[in-house]
Amino acid sequence: MDVLNLFLSLVPVTLAQSLILSFVVLAVMIPFRILSFPDLTSEGSYPLGGCVCAVALLAGIPPLLALILAAAAGFLAGVVTAVIHMRFRIHTLLAGILVTTMLYSVNLRVMGKANLPIFGEAKIYDFFPFDLGSVNYTKIIIAGLFALLVFALLNLWFRTERGIAMRAVGSNPDMSEAQGISVWKATIGGVGMAGAFAAIGGGLMVQSQGFSDANMGLGILINALAALMIGEALVGKQTITRQLAAPFVGAFAYYQLISLCLAAGLPPSDLKIATGVFVLLMLAGPELRRAKGPRAAQEAFRE
């Protein structure tokens, strides 16, 4: 009973965290699933968005505009990764690693130091007109509205001519180019879009926790990948709506699994092991099911 009570007490916190993480999961999904462009830039653009947002808030810029500036910085980071790959034929993963490595120094330059507190500045969560008795509920509503808006807009956009063209580039770039679709524009736009979403997640997180840190992106990529695999296992990826829903559903499910591990007494230092196990199970699940089928058929035949 103590485990259940502790788990339930963590739900508001983990729900707010999952809604923010869902933007990073979305940033991993778009290049990986839509463009067939495995990318690691999110681990750098996430803290970049947080750093830019923090500096903007300290400069007196309104919270929403600070979030837009963070998204613009993340978009540029994604564009750089795409250009490195397209222009110099460097593998997508290596291009992402290079950009992420360079962004660490950029983040330090932007903030001027490794950690930047913004506790006294106005946050986007401060403008919610109702008192819900807990700041976590305010964060859930604000981040949830952002997530719902992004999901709805992307679901509409990927059904437009440009959105379908981007999906076509991910499916078959050679055929798309033969049909007059610019592979360059679709790839740069899609990877840039992913960088923007990761940076939005960083900006929302910084405004939530009250400080920015140059190391805040450490390990965020494996968390996002775990959430994506869980989400795809739960809702599937057969349609564009399901594919877009997977990051949001997966982020929620992932954080509930993490909170359940904490409630059960798992030390926080072991959460990376739990995350790795989650990813391994999601990736190995289809293969295990395929392997189980022939064995079951052989046993039935012997009987």
Rounded FRET efficiency, nearest 0.05, which uses the C-beta distance separating A114 from W157 and R0 of 35 Å: 0.40
What accessible area, in Å² to the nearest ten, does a 1.4 Å probe give for L69? 70
Per residue solvent-accessible surface (Å²) - the chain, probe of 1.4 Å: 50
If amide H atoms are built 1.01 Å from N in the plane of the peptide, which residues on other chains or at least 5 residues away come under 5 Å of the amide H of F37? F32
Hey, quick one: spin label on N5, modelled 7 Å out along Cα-Cβ, who in the range 250-279 has an amide N within reach, i.e. under 20 Å? 259-266
Ignoring ligands and nucleic acids, S171 exposes an accessible area, probe 1.4 Å, in Å² to the nearest 10, of 100
Cut-off under 5 Å, modelled amide H: who pairs with S212 long-range: L116, I118
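Of the accessible area of the range 37-168, with the probe set at 1.4 angstrom, what percent is carbon plus sulfur?
Numbers: 4780 of 6870 Å².
Its accessible area is 70 percent carbon and sulfur atoms.
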At a 1.4 Å probe radius, which order do T160, T275 fall into by accessible area, largest first? T160, T275
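If the chain between A291 and K272 were fully stretched, how many nm would it gain, using 0.36 nm times the residue separation less the Cα-Cα distance?
Numbers: separation 19, 0.36 × 19 = 6.84 nm, distance 2.78 nm.
Once the chain is fully extended between A291 and K272, it gains 4.1 nm.
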I want to check the label-to-label distance for T241 and M102. Put each point 7 Å from Cα in the C-beta direction and report it in nm to one decimal. 4.1
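The values are calculated or read from the model by the stated rules, or taken from the named source; none is laboratory data. The shown structure was predicted, so the numbers you read here are calculated from the model rather than taken from an experiment. FYI the Cβ positions are ideal-geometry reconstructions off the backbone, even for glycines, and counts take in every protein chain you see. Accessible surface is based on the protein model in full, side chains and every heavy atom, while ligands, DNA and RNA are left aside. Shrake-Rupley method; radii C 1.70, N 1.55, O 1.52, S 1.80 Å.
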